[in-house]
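Asker: Can you keep this structure in mind? I'll have questions shortly.
The values are calculated or read from the model by the stated rules, or taken from the named source; none is laboratory data. This is a predicted model, so every value here is computed, not measured. Cβ atoms come from the backbone with ideal geometry, glycine included; neighbour counts cover every protein chain shown.
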Amino acid sequence: MYKQKNITDFPAGFLWGGATAANQIEGAWNIDGKGLSTAEVVQKAQNRKAVSMGDVTQATLAVALADKSDVNYPKRRGIDFYHRYKEDIALFAEMGFKVFRFSIAWTRIFPTGEEKTPNEAGLKFYDDVLAELAKYDIEPLITLSHYEMPIALTQKYNGWAGRQTIAAFNQFTEVVLKRYQGKVKYWLTFNEINTGTWGFHETGAIDKALSEDEQLQIRYQALHHQFVASAIATKQLREIDPTAKMGCMLARMQTYPGTPNPVDVRAAQFENEKNFFFTDVQARGEYPNYMNRYFNEHNIIIDMAQDDETVIATYPVDFISFSYYMTNITKEKMDADAVGNMVVGGRNPYLKESDWGWQIDPIGLRITLNTMWDRYQKPLFIVENGIGALDKLDNGKIHDEYRIDYLRQHIEQMREAIVDGVDLMGYTMWGPIDLISFSTSEMSKRYGFIYVDQDDDGQGSLKRIRKDSFYWYKKVIATNGKEL
Ligand code: BGP
């Protein structure tokens, strides 16, 4: 007989916390042996302009590298977490964090990517961060690669476009998986891997003189190399620490049909498939059929080595994580485009948007969670969600009820999805402490519960101030999501 479960709320042990990335918080970009990463150069090449993330060539990169000035460069991407991690982790602990997501800067460990031995000072920094988290019983969730790589590998191999980058990456992953073995239960391979279809940071520099199809060829080949590297990292983890779990990470973009016209419905279906392509490969262990046609139509031929398919099939991830900021719509004929920092899609008349044009859709999160659970039947983890806003200091306080509203509405929908039957491991909202925006390289797009006194030009005391949302999230965690 069917036995009804009675799930009404967040499960005990739900992992509440926040998420960051090395190149957006650490700073200290040129000390203790750290090498230069793409994140510290690329935005400089673009003079902080977001729209052309994929628009960097080897030539513009060389100019940025030659320019030694740091004008318009907020503390070389960071809020000095490198020196203030104790204070920041204490603040996370005060909010009651169960988990903290951060990434390891590859260039702290292998400054140019291919040294024979790792940089001990870099490894030691993350030892210290882990020890600090352990003090407060905060679980680390570590991203192995968050939007950066040694710039030297971009110059030598054109980043992930070159197959040699796989070996360099897996040398790095082996070192860190061994070093932090027993201290980290949850790992992620590549942050928002799907952005490799348009972003510079994953695929290497792309020459815009190439045709669209030629550019796509480079991007999908680079992504293939990342799939292989991700599977190899999963294999390493199984051998080094069989109790730890490896996840993949997708920028999930649910696409709705703009009208019930079957043409739009089909277009939306394919947009969703193109987005799921990444998790399909990493969680199911093979290239899905629907991409054949796309590859054929765009003359894309993935060059695979003999064992690539086997390693991808043998080492799928244990869980699936994703970021969730917005949804899109497709329409055969777009009448009004929604132009956000990172995506271009149809404007949905039922949704409001952030100051940066990202359309806010809490119910879309419930839809996303159900869709992903139905598709994969693997535990899900929301590892980014939040709203970038312009915060105003008011007598030393920040009254950010707009942030509380945004998060409350999304958490309510998470609860609905859990009651719907979705297996959700946890929630790390993006940027619990204000950090450098990835797309604009500026400070003023703030996500945090904790304000950081730094402006877009890197000026400020770096003092940390608790916002109103800080106290709100503390209550959310203390009541395991009952009080929103
Ligand atoms: C995600 C990235 C993060 C983060 C976030 C917010 O795509 O994984 O690194 O930056 O988006 O984006 P932004 O900083 O551009 O507002």
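Asker: Can you pull out the residues in the stretch 121-145 that are touching a residue at least 40 places away in the same chain (Cβ under 8 Å), in a helix (DSSP H, G or I) and either under 18 Å from GLN181 (Cβ atoms) or in contact with a Pro (Cβ under 9 Å, 6 or more places away or on another chain) (or both)?
Answerer: Listed by number, the residues that qualify are GLY122, LEU123, PHE125, TYR126, ASP127, ASP128, VAL129, LEU130, LEU133, ALA134.
Asker: Look at THR165 and say whether it is within 13 Å of the ligand (Cβ to nearest atom), over 20 Å from GLU139 (Cα atoms) and crowded, with 21+ Cβ neighbours inside 10 Å.
Answerer: No; evaluated as a whole, the condition is false for this residue.
Asker: Then there is this: Consider LYS208 carefully, then state whether it is part of a loop (DSSP other than H, G, I, E, B), under 25 Å from THR20 (Cα atoms) and touching a residue at least 40 places away in the same chain (Cβ under 8 Å).
Answerer: no
Asker: What do you reckon, is LEU133 at pLDDT 95 or above and within 16 Å of the ligand (Cβ to nearest atom)?
Answerer: No; evaluated as a whole, the condition is false for this residue.
Asker: Only residues that are within 16 Å of the ligand (Cβ to nearest atom) and either at positive phi or assigned to a loop (DSSP other than H, G, I, E, B) (or both): list them for the stretch 362-399, please.
Answerer: Hits for the stretch 362-399 are ASN385, GLY386, ILE387, GLY388, LEU390, ASP391.
Asker: Let me ask you something else. Within the stretch 45-68, is there a residue that is on the phi < 0 side of the Ramachandran plot, at pLDDT 95 or above and under 21 Å from the mean Cα position of the chain (by Cα)?
Answerer: no
Asker: So, one more: Out of the stretch 142-181, which residues are touching a strand residue (DSSP E or B) at 6+ places or on another chain (Cβ under 9 Å) and closer than 17 Å to GLN236 by Cα?
Answerer: Of everything in the stretch 142-181, those that are touching a strand residue (DSSP E or B) at 6+ places or on another chain (Cβ under 9 Å) and closer than 17 Å to GLN236 by Cα turn out to be ILE142, THR143, LEU144, SER145, ALA168, PHE169, PHE172, THR173, VAL176, LEU177, TYR180.
Asker: Consider ASP391 against the criteria (1) in contact (Cβ under 8 Å) with a residue 24 or more places away in the chain; (2) under 19 Å from THR479 (Cα atoms): it satisfies all of them except one. Which criterion is unmet?
Answerer: In the conditions (1) in contact (Cβ under 8 Å) with a residue 24 or more places away in the chain; (2) under 19 Å from THR479 (Cα atoms), ASP391 misses (2) alone.
Asker: Next up: Go through the stretch 5-43 and give me each residue that's more than 30 Å from SER469 (Cβ to Cβ), touching a Pro at 6+ places or on another chain (Cβ under 9 Å) and of a type in the set (Val, Ile, Thr).
Answerer: THR38
Asker: I would also like to ask the following. Restricting the stretch 342-361 to residues that are crowded, with 16+ Cβ neighbours inside 10 Å, within 16 Å of the ligand (Cβ to nearest atom) and among the hydrophobic types (A, V, I, L, M, F, W, C), which is farthest from VAL452 (Cα to Cα)?
Answerer: Only one residue fits best here, namely VAL343.
Asker: Suppose we keep only residues that are more than 23 Å from ASP88 (Cα to Cα) and among the aliphatic types (A, V, I, L, M) within the stretch 6-34. Which one would you say is surrounded by the fewest Cβ atoms within 10 Å (Cβ to Cβ)?
Answerer: Out of the qualifying residues, it is ALA12.
Asker: So, one more: For the stretch 424-461, give me the residue count where each residue is in contact (Cβ under 8 Å) with a residue 24 or more places away in the chain, crowded, with 16+ Cβ neighbours inside 10 Å and assigned to a loop (DSSP other than H, G, I, E, B).
Answerer: Qualifying residue count, the stretch 424-461: 19.
Asker: What is the residue count in the stretch 409-462 for residues that are over 19 Å from MET326 (Cα atoms), among the charged types (D, E, K, R) and modelled with pLDDT of 95 or more?
Answerer: 4
Asker: Can you tell me which residue among GLU148, GLU202 is modelled with pLDDT under 95, in a helix (DSSP H, G or I) and either within 16 Å of the ligand (Cβ to nearest atom) or of a type in the set (Phe, Trp, Tyr) (or both)?
Answerer: Among GLU148, GLU202, only GLU202 is modelled with pLDDT under 95, in a helix (DSSP H, G or I) and either within 16 Å of the ligand (Cβ to nearest atom) or of a type in the set (Phe, Trp, Tyr) (or both).
Asker: Any chance you could count how many residues in the stretch 370-408 are buried (at least 20 other Cβ atoms within 10 Å of the Cβ), within 16 Å of SER323 (Cβ to Cβ) and not small (Gly, Ala, Ser)?
Answerer: So the answer is 10.
Asker: A further question follows. Return the residue satisfying two criteria in turn: it lies in the stretch 1-39 and is among the β-branched types (Val, Ile, Thr) and at pLDDT 95 or above, and of such residues it is farthest from the chain's Cα centre (by Cα).
Answerer: ILE25
Asker: Quick test of your reading of the structure: GLN413 fulfils all but one of (1) part of a helix (DSSP H, G or I); (2) within 16 Å of the ligand (Cβ to nearest atom). Name the failing condition by number.
Answerer: All conditions are met except number (2).
Asker: Is it true that THR112 is touching a residue at least 60 places away in the same chain (Cβ under 8 Å) and part of a loop (DSSP other than H, G, I, E, B)?
Answerer: Spelling it out, THR112 is indeed touching a residue at least 60 places away in the same chain (Cβ under 8 Å) and part of a loop (DSSP other than H, G, I, E, B).
Asker: Pick from the stretch 427-484 the residues that are of a type in the set (A, V, I, L, M) and more than 30 Å from THR8 (Cβ to Cβ): which of them is farthest from the ligand (Cβ to nearest atom)?
Answerer: In this case the residue turns out to be ILE465.
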